[in-house]
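Undergrad: Following this message is one structure expressed as structure tokens.
The values are calculated or read from the model by the stated rules, or taken from the named source; none is laboratory data. Computed from a predicted model, the values in this text were never measured in an experiment. We place every Cβ from the backbone using ideal geometry, glycine too, and count neighbours over all the protein chains shown.
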Amino acid sequence: MRHIVIGLGALVVAACGGPGGAGEGTTPAAAAPAAVTPAAAMPAAATFADYDAGAIAGGPGAGKRYGFGRQAAKADIAKWDTDVGPDGAELPSGKGSVAEGERLYMTHCMMCHNRKGEGLPPMYPALIGRDEKAEGFHFASDPKLVKTIGNYWPYATTVFDYVKRAMPLTAPGSLTDNQVYALTAYLLSANKVIAADAVLDADALRKVKMPYADKFVPDDRKGGPEVK
């Protein structure tokens with residue numbers, strides 16, 4: 001595991017009027033010139049490899065730590081390491097129905113995304129809807145078209161991923177896997193992607209193909225020069 005150390009940089013302030021700056025009754029022309037450190041005497045910039053946050057001015061001393069924070073335990077990492085990719089390989093066990101998901105939506109989601117998933121713009125986006133104008137996937141030419149799960153989402157598995165990690169807004173990560181499966185089932189059903197009586201588990205969710213999955217392609221652009 002790579003440890004990242006965050007240090008406090010030195011702040012250099014150039015006064016424009018002597019020790020206290022230019023005060024009332026003085027002018028920049030009358031102020032004493034600020035001392036300038038010759039470039040040759042300034043320390044060389046540290047690289048990531050040799051940077052020692054404890055050795056900077058005002059720090060605890062070279063080779064020492066500031067004494068706050070701790071190394072993340074495996075249990076802590078496990079709580080965050082829940083990403084689910086497009087193929088759904090990481091989906092957990094559990095299941096949920098559309099009916100269960102609708103009840104959960106009314107309890108946990110409606111206050112932000114509205115009763116029918118139409119959203120509360122501009123703050124909270126719409127989740128549900130298959131606007132006929134948007135069915136042609138003309139989002140690039142008409143930015144006013146509303147993007148929802150039904151008309152602008154490439155993978156059903158990542159609906160589960162996002163809900164699991166980020167929702168509800170007031171308590172992200174608080175839903176159980178069964179609840180997330182149920183909410184995912186409701187959102188997909190409300191967007192006319194799966195049947196109203198569907199029950200989703202890992203296998204069933206992996207088989208769901210979103211209506212416009214073929215409109216998304218891998219980004220094959222080459223990156224710029226490698227940053228060292």
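Undergrad: Can you name the residue in the range 205-223 that is free of Cβ contacts under 8 Å to residues at least 24 places away in the same chain and either part of a helix (DSSP H, G or I) or under 25 Å from the mean Cα position of the chain (by Cα) (or both) and, of all such residues, is surrounded by the most Cβ atoms within 10 Å (Cβ to Cβ)?
TA: Asp214
Undergrad: Among what's in the range 43-99 and is modelled with pLDDT under 80 and outside any loop (DSSP other than H, G, I, E, B), pick the residue that is farthest from Ala195 (Cα to Cα).
TA: Top of the filtered list is Ala55.
Undergrad: Given the condition at positive phi, modelled with pLDDT of 95 or more, in a loop (DSSP other than H, G, I, E, B) and in contact with a Lys or Arg (Cβ under 7 Å, 6 or more places away or on another chain), answer yes or no: does some residue in the range 187-200 qualify?
TA: yes
Undergrad: Can we say Gly150 is touching a Lys or Arg at 6+ places or on another chain (Cβ under 7 Å) and small (Gly, Ala, Ser)?
TA: yes
Undergrad: Return a yes/no flag: does the range 155-175 have any residue that is under 29 Å from Met123 (Cβ atoms), part of a helix (DSSP H, G or I) and without any contact (Cβ under 8 Å) to a residue 12 or more places away in the chain.
TA: Yes; the residues of the range 155-175 include at least one that is under 29 Å from Met123 (Cβ atoms), part of a helix (DSSP H, G or I) and without any contact (Cβ under 8 Å) to a residue 12 or more places away in the chain.
Undergrad: Of all residues in the range 78-109 being more than 19 Å from Thr157 (Cβ to Cβ) and among the basic types (Lys, Arg), which is surrounded by the fewest Cβ atoms within 10 Å (Cβ to Cβ)?
TA: Looking at the filtered set, the residue picked out is Lys79.
Undergrad: Return a yes/no flag: does the range 147-160 have any residue that is polar (S, T, N, Q) and loosely packed, with under 13 Cβ neighbours inside 10 Å.
TA: Taking every residue of the range 147-160 in turn, none turns out to be polar (S, T, N, Q) and loosely packed, with under 13 Cβ neighbours inside 10 Å.
Undergrad: Looking only at residues that are surrounded by 10 or more Cβ atoms within 10 Å (Cβ to Cβ) and hydrophobic (A, V, I, L, M, F, W, C) in the range 63-77, which one is farthest from Asp201 (Cα to Cα)?
TA: Ala72
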